[in-house]
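The values are calculated or read from the model by the stated rules, or taken from the named source; none is laboratory data. Remember, predicted model here, so these are calculated numbers, not experimental data. Cβ sites come from the backbone with ideal geometry, for glycine too, and all protein chains shown count toward neighbours.
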């Protein structure tokens, strides 16, 4: 993903996807730990076998998600598009903010009546810095008064 705001202007949208590298790294690590626990457990039925199977299952699920990444957020001239709510037009967005919830970056939108407020967890995204979202919003919200809420 390009970090330059000029690239955003060329494409007319800014897209934030789930991070393939993070999912594959965590999935491979968990799979190795789970396979190790399963391979070196002396008894077939034990707590260690159950834990190893659970860790291996989570690792395989993370590897699957690494190959099946989804778009979390698209910022464009029309508004902000999410998987859950679809397109939210700029005139329906009041403010946005960035929060830290248990060491995870969370992007929140406060919207007007027909839409509900929205929280998007950015911890497993391919976003390098939240400054990229600020720059994209500033670029695409020409003519709209959308402010960042500071906390």
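Things to note:
- Residue selected from the range 106-138 under the condition in contact with a strand residue (DSSP E or B) (Cβ under 9 Å, 6 or more places away or on another chain) and under 18 Å from residue 20 (Cα atoms), by the criterion modelled with the lowest pLDDT: 127
- Evaluation of residue 81 against (1) within 20 Å of residue 15 (Cβ to Cβ); (2) in contact (Cβ under 8 Å) with a residue 12 or more places away in the chain (one fails), failing number: (2)
- Subset of the range 26-42 [assigned to a helix (DSSP H, G or I), farther than 12 Å from residue 63 by Cβ and in contact with a helix residue (DSSP H, G or I) (Cβ under 7 Å, 6 or more places away or on another chain)]: 33, 35, 37, 38
- Of the strands (runs of 3 or more DSSP E) lying entirely inside the range 68-133, those containing at least 3 residues that are within 23 Å of residue 27 (Cα to Cα) are 104-111.
- Residue check: residue 49 meets all listed conditions (1) over 30 Å from residue 150 (Cα atoms); (2) without any contact (Cβ under 8 Å) to a residue 24 or more places away in the chain; (3) within 14 Å of the chain's Cα centre (by Cα) but one, namely (3).
Here's the yes/no breakdown for (1) crowded, with 17+ Cβ neighbours inside 10 Å; (2) under 18 Å from residue 86 (Cα atoms):
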{"residue": "99", "(1), (2)": "no, no"}
{"residue": "105", "(1), (2)": "yes, no"}
{"residue": "112", "(1), (2)": "no, yes"}
{"residue": "121", "(1), (2)": "no, yes"}
{"residue": "128", "(1), (2)": "no, no"}
{"residue": "132", "(1), (2)": "yes, no"}
